[in-house]
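See structure below.
The values are calculated or read from the model by the stated rules, or taken from the named source; none is laboratory data. Keep in mind that this is a model prediction, so the values were computed, not measured. FYI the Cβ positions are ideal-geometry reconstructions off the backbone, even for glycines, and counts take in every protein chain you see.
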Amino acid sequence: MTKPYTEDDIAAALFAIAGGMSMRKACSEYGIPRTTLHNRINGHLSHKKGAQNLQKIAPVQERALANWILVQEALGTSPTHRQIRELGESILNLEGGDLSLGKRWIHSFLERNPEIKTKRQYKIDNACINGATTEIISKFFEKLDLPAIKYIKPENRWNMDEAGIMEGQGLNGMVLGSSKRRFIQKKQPGSRTWTSFIECISATGRALLPLVIFKGKTLQQQWFPIKLDNYEGWEFTATDNGWTTDSTGLEWLKEVFIPQSAPTRPKEARLLVLDGHGSHETTQFMLECFKNNMHLLFLPPHTSHVLQPLDLSIFSPLKKEYRYHLNTLDSLTDSTPIGKRNFLACYQKARLKALTLRNITSGWKASGLWPQNRAKPLLSRLLLENSNQEVVYQNPVSDDDPELQWNIHSSFIAWKTPQKGSDIRKYADIMEKVDETDIPTRRLLFRKIQKGFDAKDYELVQSKKRIKQLEQKLEEIIPKKRRMVKTSPNSRFAGIEAIYQAQIEAGDREIEIKDSDSIYETDNTGDCIEVE
């Protein structure tokens, strides 16, 4: 069998021929077919270079993209696969061609640019791993078989939990950077303030509106955007550390969960699955549940990663989407610190993507809590006994792109002024088909002109992106007046009506006459209540 040859072998043979070696001897010594070597001497391109015209993104643009990735890595903002794909599709928009890239475009891009490779950046928390055992989970499921629990309808089965996000904590995961470095340092947006939220989902796929808990003594109107339509029904509060307290947990139960999860028949029982946080175990919390025919089912310690629906299917995509939107926003705002307004905007978009019917029901199914199936958590790879089992991964298979077919009739050619690199490439192909004379100088000229067009297109994409950055930065640095949000004497939480009023008092919003009777009734006492 003939030994395969490489591009390095061809280059060495051409160098030897240039030094005086005969073609026959070079073909024999380097194992290269005579026709291949002859074609290369006459200016034919390699198979790899010859296929460059079939790429959706021109080589000069890919080269610029690869250089940009290396620069972003040096700045601590390594891009993800998703961000690179979006930038590539922005370049395609300028070309006026197919607006989408293939499923395996990233894979091919990395092959064409070996100095770039994919690396994983993540944190590992092993604090919970020893709590999930077969014995503990089996005992927990015995509680679900109790008569008082067993017959509760799925629409009355709920799971609540609190999670937190660092306001400026960007995206973990796969990023692109130099193949010569093993690890990547990821630059995070400026703000490091902690904000938490309470989410609650039912076994039938319903999600209650959230409670957002900021870190601070009191709520401030400047934390909120002027447009609050997307936060209708949300509740907001502030605590010293940005986490729930005993009083916050009780208020959430009374003002959010009990009214929003009310069953169609008032006498029907409800089940609330939650962790053993201290705020859930107070006498007042349990008394309120008792008064409303609600049963509390506490998860065993350190088992939420296999038993809690929110952890299994909601919080991970929720935080992933949040960080994606945050990273996108950070790239637009440059050095502007990420604040609470941006947190709300990113979190609201993330909720729309993560809290879907499919995700919610998948979490309940994966936990085995509904439909009830203890085999689900017991067979989980996250269970301690199963953690060392071998896992076989299969690479996804994608269809090849269809071949480009040309049907050119020289008599109908309409020559127009080229506007982009793809026009130059098209006219070069037409010239080769119309005029069979092989002129290397003409081919080189076309390649040079096309390269110049492609480079200008890439610069235009970057310029548009920079304009968008500056516009966003200008909006963010406009100073806002500070004003505390006043809450009702009967509640620790603030809804958008109270935020509206605070914005009016700060001069950030004008009174809307049509809503003044119902929303903007002023308080003549002149006092306010601070939430400690």
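With respect to the stated conditions, Phe224 fails to be closer than 18 Å to Lys319 by Cα, assigned by TED's automatic domain parsing to the domain that holds Leu326, among the hydrophobic types (A, V, I, L, M, F, W, C) and crowded, with 21+ Cβ neighbours inside 10 Å. Checking each residue of the range 249-268 against the condition of being without any contact (Cβ under 8 Å) to a residue 60 or more places away in the chain, surrounded by fewer than 22 Cβ atoms within 10 Å (Cβ to Cβ), part of a loop (DSSP other than H, G, I, E, B) and aliphatic (A, V, I, L, M) gives at least one match.
Taking the residues in the range 248-278 that are closer than 24 Å to Pro300 by Cβ and aliphatic (A, V, I, L, M) as candidates, determine which candidate is farthest from the chain's Cα centre (by Cα). Restricting to residues being closer than 24 Å to Pro300 by Cβ and aliphatic (A, V, I, L, M), the top hit is Ala269. A count restricted to the range 204-221 and to residues that are crowded, with 21+ Cβ neighbours inside 10 Å, touching a strand residue (DSSP E or B) at 6+ places or on another chain (Cβ under 7 Å) and either on the phi > 0 side of the Ramachandran plot or not aromatic (Phe, Trp, Tyr) (or both) stands at 5. The residue that is modelled with the lowest pLDDT, among those in the range 104-143 that are β-branched (Val, Ile, Thr) and either in the same structural domain as Arg85 (by TED's automatic domain parsing) or surrounded by 12 or more Cβ atoms within 10 Å (Cβ to Cβ) (or both), is Ile129.
Of the residues in the range 283-304, at least one is farther than 30 Å from Thr134 by Cβ and either among the basic types (Lys, Arg) or under 32 Å from the mean Cα position of the chain (by Cα) (or both). Only residues that are among the hydrophobic types (A, V, I, L, M, F, W, C) and under 22 Å from Pro440 (Cα atoms) were counted across the range 13-42, and they come to 8. Return yes when Gly190 is modelled with pLDDT under 95 and either over 23 Å from the mean Cα position of the chain (by Cα) or crowded, with 19+ Cβ neighbours inside 10 Å (or both) and no when it is not. No: the conditions fail for Gly190.
Residues in the range 27-58 that are part of a loop (DSSP other than H, G, I, E, B) and modelled with pLDDT under 75 were compared, and the one that is surrounded by the most Cβ atoms within 10 Å (Cβ to Cβ) is Lys56. So Gln61 passes all but one of these: (1) at pLDDT 80 or above; (2) among the polar types (S, T, N, Q); (3) surrounded by fewer than 15 Cβ atoms within 10 Å (Cβ to Cβ). Which condition number does it fail? In the conditions (1) at pLDDT 80 or above; (2) among the polar types (S, T, N, Q); (3) surrounded by fewer than 15 Cβ atoms within 10 Å (Cβ to Cβ), Gln61 misses (3) alone.
Within the range 108-119, residues that are among the β-branched types (Val, Ile, Thr) sit with their Cβ atoms under 6 Å from residues that are assigned to a strand (DSSP E or B), at 6+ positions apart or across chains, in these pairs: Ile116/Leu176; Thr118/Met174. Name the residues in the range 144-181 that are at pLDDT 85 or above and among the small types (Gly, Ala, Ser), would you? Listed by number, the residues that qualify are Ala148, Ala163, Gly164.
Restricted to the range 276-311, and to residues that are β-branched (Val, Ile, Thr) and in a helix (DSSP H, G or I), which residue is surrounded by the most Cβ atoms within 10 Å (Cβ to Cβ)? Per the stated criteria, the residue is Val306.
Taking the range 277-333 as the range and being closer than 30 Å to Pro259 by Cβ, among the basic types (Lys, Arg) and either touching a residue at least 60 places away in the same chain (Cβ under 8 Å) or in contact with a Gly (Cβ under 6 Å, 6 or more places away or on another chain) (or both) as the test, only Lys319 passes.
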